[in-house]
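Colleague: Can you read through this structure? Questions will come right after.
The values are calculated or read from the model by the stated rules, or taken from the named source; none is laboratory data. The model shown is predicted, which means the values in this text are computed figures rather than measured ones. Every residue, glycine among them, receives a Cβ derived from its backbone with ideal geometry; neighbour counts consider all protein chains shown.
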Amino acid sequence: MKLSSQIKPISYLKAHAAEIVRNMGEMREPLIITQNGEAKVVIQDIESYEQTRETMALLKILAMGNRQIEEGKIESAIDVVKRLRGHGKTR
């Protein structure tokens, strides 16, 4: 994806909003909007946005896991299975 072709001034957004929205789903590429020559916002289709959010959530989970490993907050799989099986027993 070549971002340089996806950079447009805010005047383009104002004049072509309906066309932009219509094409967003097909192109699946973000559109960068500039104001006074400076990048201000990124517009993307909803599916790409949702995929980005899911990816970020997974990366946060991985980072948390790595931090727990570094801090020694880990438990062996055998201990976890034993603990889980212990909760399933009736007393």
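Colleague: Would you mind finding the one in 75, 54 that is out of contact with any Cys (no Cβ under 6 Å at 6 or more places or on another chain) and modelled with pLDDT under 95?
Modeller: After ruling out the rest, the residue left standing is 75.
Colleague: If a residue must be modelled with pLDDT under 90, farther than 13 Å from residue 48 by Cβ and among the charged types (D, E, K, R), how many such residues does region 1-37 contain?
Modeller: Here the count works out to 1.
Colleague: Another question, if that's okay. Taking region 46-91 as the search range and keeping residues that are among the polar types (S, T, N, Q) and in a helix (DSSP H, G or I), which one is nearest to the chain's Cα centre (by Cα)?
Modeller: So the residue we want is 52.
Colleague: Could you go through region 19-39 and let me know if any residue there is in contact with an Asp or Glu (Cβ under 6 Å, 6 or more places away or on another chain) and part of a helix (DSSP H, G or I).
Modeller: Looking for residues that are in contact with an Asp or Glu (Cβ under 6 Å, 6 or more places away or on another chain) and part of a helix (DSSP H, G or I), one finds at least one in region 19-39, hence yes.
Colleague: So residue 43 passes all but one of these: (1) within 16 Å of the chain's Cα centre (by Cα); (2) exposed (fewer than 10 other Cβ atoms within 10 Å of the Cβ). Which condition number does it fail?
Modeller: The single condition residue 43 does not satisfy is (2).
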